[in-house]
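Some notes on the structure that comes next.
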Amino acid sequence: IPADFKYVAVIESGLKNVVSPAGATGFWQFLKDTGKEYGLEIDRDIDERYNVVKSTEAACKYLQKGYDKYHDWNLVAASYNAGMNGISRFMDEQGAESYYDLLTSEETTRYVFRALAIKLIFENPEAYGFYVQKNELYLPIPVHYVEVNYGVDSWKDFAKENGISYKLLKYFNPWLRSTSLKNRSKKTYMIAIPNPPYNLTHEAWLGMQD
């Protein structure tokens, strides 16, 4: 998938795990049925639409399917907004083969241009009045992963056993949607645990200041 498609996630969600009024969820704004269709686990305990890695992989599957259908990345991007059925219907009704010749909804009409605008700004912010110093950039927080292939009666206890708070566990693993995990099928999950010093609870951090 062309790297520029990362800007689709920016215009979809602002790179936040948000939920739309229609129920689209996560960085890539998957609806429940579509998420499941592209391999995401979505139930009471787990919602992988909130897992940035898994949902990005699902989005890539969707985009690749679109390219296999249209052989045109502009139409693929538009289909992420209007759906492949919607774009195909517009093309059939209007006899058009290019995104730029299609009459669509206002949102879909400006969708590709929004992504292009974000690309221009992100790749050359100074040209648009944004001056960000290197020391102002957020650095990635290092984590390690704990493999879980069993049921977890209490994520609170699991967090304590791994030296972090429940809040930190849920912050780094927002796709864990319940206080426990049944996991009757013994599926393997990789749980992100922040490395020191990012694993400190607030009380521990205050103690260090003393």
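Worth pointing out:
- Residues of the range 11-47 that turn out to be under 11 Å from the mean Cα position of the chain (by Cα), of a type outside the set (V, I, T) and open to solvent by 50 Å² or more (accessible area, probe 1.4 Å), as a count: 3
- Scanning the range 1-34 for residues that are of a type in the set (S, T, N, Q), out of contact with any strand residue (DSSP E or B) (no Cβ under 8 Å at 6 or more places or on another chain) and assigned to a loop (DSSP other than H, G, I, E, B) yields S20, Q29.
- Taken across the range 87-105, residues that are in a helix (DSSP H, G or I) and under 18 Å from F27 (Cα atoms) do not occur at all.
- So E106, is it open to solvent by 30 Å² or more (accessible area, probe 1.4 Å), over 16 Å from E12 (Cβ atoms), over 19 Å from the mean Cα position of the chain (by Cα) and acidic (D, E): yes
- Tally of residues being part of a helix (DSSP H, G or I), acidic (D, E) and open to solvent by 20 Å² or more (accessible area, probe 1.4 Å) across the range 48-86: 2
- Being over 20 Å from the mean Cα position of the chain (by Cα), of a type in the set (D, E) and over 17 Å from S13 (Cα atoms) is a property that E123 has.
- For the range 76-100, the set of residues classified as farther than 16 Å from A59 by Cβ and either touching a Pro at 6+ places or on another chain (Cβ under 8 Å) or not small (G, A, S) (or both) consists of N85, I87, R89, F90, M91, D92, E93, Q94, E97, Y99, Y100, listed by residue number.
- Applying the set (1) touching a strand residue (DSSP E or B) at 6+ places or on another chain (Cβ under 9 Å); (2) open to solvent by 90 Å² or more (accessible area, probe 1.4 Å) to E97 leaves exactly one unmet item: (1).
- Look at the range 123-149: where a residue is in a strand (DSSP E or B), no partner that is open to solvent by 100 Å² or more (accessible area, probe 1.4 Å) sits 6+ places away or on another chain with Cβ atoms under 7 Å.
The values are calculated or read from the model by the stated rules, or taken from the named source; none is laboratory data. Nothing here was measured: the structure is a model prediction, and the numbers come from that model. Heads up, the Cβs are rebuilt from the backbone with ideal geometry, glycines too, and the neighbour counts pull from every protein chain shown. Note: accessible area is taken over every heavy atom of the protein model, side chains too, but ligands, DNA and RNA are not part of it. Shrake-Rupley method; radii C 1.70, N 1.55, O 1.52, S 1.80 Å.
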